[in-house]
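The values are calculated or read from the model by the stated rules, or taken from the named source; none is laboratory data. The shown structure was predicted, so the numbers you read here are calculated from the model rather than taken from an experiment. Neighbour counts are summed over all protein chains in view; Cβ atoms, including those assigned to glycine, are modelled from backbone coordinates with ideal geometry. Accessible surface is based on the protein model in full, side chains and every heavy atom, while ligands, DNA and RNA are left aside. Shrake-Rupley method; radii C 1.70, N 1.55, O 1.52, S 1.80 Å.
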Amino acid sequence: MSAERPILWTPSKDRIEGSRMAEFMRWIEMTRGLTFDSYNDLWDWSVSDLDAFWSSIWGFFDIPASQGCGTMLAERRMPGAVWCPEGRMNFAQAMLRPAKTRPEAEAVVVRSETFGDSRLSWTELSAQVASVAARFRAMGLGQGDRVVAILPNTETALIACLATASIGAIWSLCAPDMGHVAILDRFRQIEPKLIVAQDGYVHAGKMIDRRDVLATILDGLPTLEQRVLVPVVGDVPAGAVAWADLTGDAAAPEFAQVPFDHPLWIVYSSGTTGNPKPIVHGHGGIILEGCKQSLHQDLRAGDRFCWLTSSGWIMWNAQFTALGQGATLALFDAAPNHPDMMALWRFAADERITYLGVGAAYVTVCIKAGIRPRDTLDLSALKSMGTTGSPLTSDGYDWIYDAVDREIWLAPISGGTDLAGAFVCGNPMLPVRAGEMQCRALGNAVRSFDDSGNELIGEVGELVCTEPLPSMPLYFWGDDDGSRLHESYFDTYPGIWRHGDWIEITPEGGSVIFGRSDATINRRGLRLGSSEIYQAVEGLEEVLDSLVIDLEFLGRESFMPLFVVLAPGLTLDEALTEKINGAIRTSVSARFVPNEIVQIPEVPRTLSGKKLEVPVKKLLLGADPESVVNRDSMANPDSFDTFIAYAAARS
């Protein structure tokens, strides 16, 4: 199928030879005597000789550690792989190492609607982390204690996370726009000792007062012993400490040397059904994954990196990949559509961003808005772009190359919160094809499996990982017997990670993600990812958003409704219905013309912007509305009422 996807970008010889991936390959040849004829040969080695590959990542990046690994992979199994049992290190120390070589360079720049613009040098960032860590210790915080935060994507969250890690305490973060039920569902599970929270924020020009919500959250966390507040709307209440009082002390940096698998942070599944899974990652695994990922993103000291992300999305954590390489981290804490859709692009131009990452849904909105950043802004510094969150359609690729820069390296990635990394991603040494991710990530034994566990090439199957990764979850917090972890990833193919996405691996080693495998459409034996229908339907100017659900159940012929959000002032009539059906016939297949098209006001989405395909499917198959979705994990909870009414009418 890949031959049908046109090449949109080919790297120059200078780009190839100057890339960090090429530098790594030269280092492998020099230190190990290994040469590779192609990237696929390098990838094959990286997933077959795991010990040698990950030891090479450690050596190439000269990871700081008070005690080296010795044996990199002591026990090769899933789940339960044992990595680097002798190693001692600290994540914060690794992230702040550039302060020694680039002390006066900019480490962090921030554009915030709430606080305005700010900047920190590496010296200033390191000093504030040391000050906060010293105050945390004075408050009684120690190794293994949990620090939780409700903060936006500003330097405060960055500093608090690094201070927590430097002590060996465990970090967990929620975005301030999350509901109190969703936050409590997460934080109650891990029994935090200290919280850092902001009492309000400005979004799209409007002040959002969160004091009442914050009070409810604090009341619901009885294990809290210390409260640190970032005041925006009100004063610091009695019994709390102002954040500003923690950052100005002169303190020497101290980094607790912890084991490779010492817990670093706790992140959460989307929580669309049931209690969110508290996923624990370790210091060493995240350091290694971040270093490896920097090869795929071609990041180095002097780059200026920005990813448009909420603090509640795993891409917030992924920003440390750039920071640890000495790049300047540019944080955008503002509405990207205020005062217009050019807001983020102006920030990229102003700050001379070299690498910009966004969610694929943001690209779709830019297309709908008709903007062309290259026509009015100087984006000459911008050399690379990434996208994730959902599959980027070929229309999205076309828009970036047409409206942003014809010479940009576009490298979409797909991975997940679960491993705090990417399974498939970019490589600056390879061409970019429309709608396709360039390669499987080094060290990630990604395959496409059919239902019987047979590997597929050039066909759509389950995304699996057949070998352990150092950044895979250590465990789920409170999952003492490991049963919940096993059920989440290993119950379909024993000993093999099943991620829950449909993927096609091309003969050339590229890949295409087709959406969640449990939301896949199966029409008379032909499987299709929902993203292909979305591309066809949302390519029409009349359709702003859509959701498709396949209600195949217990062998009965499927019933597939398509729900559409139309442009303002439009009503679904016979002519528009036929136009939508025609787009599907033309772009996908007549086999996938829906049984019914229904106009709706909004598509229900998670806080990170993903469509709630699976919960809606379960609802329409007869499940209890209260059991299929946690509304506090939704960006637009009222949108679900439309589907409850639809389900009732169908039944």
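A 1.4 Å probe, protein heavy atoms only, puts the accessible area of residue 311 near 10 Å². Absence of a disulfide-compatible partner, taken as no other cysteine beta carbon within less than 4.7 angstrom, is noted in the chain for 161, 174, 291, 306, 366, 425, 439, 465. Per residue, the accessible area of the chain comes to 37 Å² when a 1.4 Å probe rolls over the protein heavy atoms.
Here the relative contact order of region 338-396, from alpha carbon pairs under 8 Å that lie six or more residues apart, stands at 49 percent.
Ligands, DNA and RNA left out, the accessible area of region 220-285 computed with a 1.4 Å probe is 49% carbon and sulfur. For residue 501, the residues 5 or more places off, or on other chains, whose built amide H falls under 5 Å of its own are 463, 517.
Kindly state, to the nearest 0.05, the FRET efficiency for residue 242 paired with residue 567, given R0 = 51 Å and r defined as their beta-carbon distance.
Once rounded, the FRET efficiency stands at 0.60.
Built from the Cα atoms of the chain, the convex hull projects on average onto 27.7 nm², one quarter of its surface area. Computed with a 1.4 Å probe over protein heavy atoms only, the accessible area of residue 364 comes to about 50 Å². If both residues of a DSSP beta bridge must be in the chain, then about 60% of such bridges are antiparallel. A straight Cα-to-Cα reach below 29 Å connects residue 193 with the lysines 277, residues fewer than 8 places away in its own chain not being considered. Computed over the chain, relative contact order equals 13 percent, with contacts defined as Cα pairs under 8 Å that lie 6+ residues apart.
Could you tell me which of rounded, prolate or oblate describes region 178-243, using a ≥ b ≥ c as the square roots of the eigenvalues of the alpha-carbon gyration tensor, with rounded for a/c under 1.5 and, failing that, prolate when a/b is larger than b/c and oblate otherwise? It comes out oblate by the Cα gyration axes. Putting +1 on Lys and Arg Cβ atoms and -1 on Asp and Glu Cβ atoms, find which of 323, 263, 30 reaches farthest to the positive end of the dipole of the chain. Value: 30.
Legend: residue pairs 383/579; 100/292; 579/618; 579/610, Cα-Cα distance threshold 32 Å; pairs beyond threshold, 383/579.
Counting every Cα pair in region 424-510, what percent are over 17 Å apart? Present the calculation step by step, with values, prior to reporting the outcome.
On the way: 1971 of 3741 pairs.
That fraction is 53 percent.
As an exercise, use a Förster radius of 41 Å and the Cβ-Cβ distance of residue 599 and residue 275 to find the FRET efficiency, rounded to the nearest 0.05. My answer for the efficiency is 0.75. Sorting the segments 141-153, 60-72 by their mean number of nearby beta carbons within 10 angstrom, highest to lowest, gives 141-153, 60-72.
Near residue 369, once Lys and Arg are set to +1 and Asp and Glu to -1 for all other residues with Cβ below 15 Å from its Cβ, the sum equals -3.
Packing-wise, with mean Cβ within 10 Å as the measure, how do 399-406, 98-105 rank, highest first? Each step should come with its number before you reach the end.
Numbers: 399-406: 18.2, 98-105: 15.0.
Top of the packing list down: 399-406, 98-105.
For region 221-313, the relative contact order comes to 16 percent (Cα pairs under 8 Å, sequence separation of at least 6). Here region 590-651 has 48 percent of its accessible surface on carbon and sulfur atoms, given a 1.4 Å probe and all protein chains in place.
Can you pull the percent of region 1-83's accessible area that's carbon plus sulfur, 1.4 Å probe, other chains left in place?
Details: 1980 of 4260 Å².
Within region 1-83, the accessible surface is 47 percent carbon and sulfur.
Listed values for region 97-108 are Karplus-derived 3J(HN,Hα) couplings in whole Hz (6.51 cos²θ - 1.76 cosθ + 1.60, θ = phi - 60°), namely 4, x, 4, 7, 9, 9, x, 9, 5, 6, 8, 9, and x replaces Gly and Pro. Highest mean packing comes first when the peptides 568-574, 482-488, 529-535 are listed by Cβ atoms within 10 Å, giving 529-535, 482-488, 568-574.
Under unit Cβ charges (Lys, Arg +1; Asp, Glu -1), what dipole magnitude, rounded to 20 debye, does the chain have relative to its Cα centre? Please list the in-between numbers first.
Details: 55 positive and 83 negative charges, 134 e Å.
Charge dipole, the chain, about its Cα centre: 640 debye, nearest 20.
Beta bridges from DSSP with both residues in region 222-356: antiparallel share about 45 percent, rounded to the nearest 5.
Taking a ≥ b ≥ c as the square roots of the eigenvalues of the Cα gyration tensor of region 476-614, is the shape rounded (a/c under 1.5), prolate (a/b larger than b/c) or oblate?
Details: a/c = 2.12, a/b = 1.76, b/c = 1.20.
Prolate.
Under 5 Å between amide hydrogens, which residues at least 5 positions from residue 475 or on another chain qualify, with H placed 1.01 Å from N in the peptide plane? Amide H neighbours of residue 475: 280.
Per-residue Karplus couplings for region 245-253, computed as 6.51 cos²θ - 1.76 cosθ + 1.60 with θ equal to phi - 60°, are listed in order as 6, 9, 9, x, 7, 7, 9, 6, x Hz, Gly and Pro entered as x.
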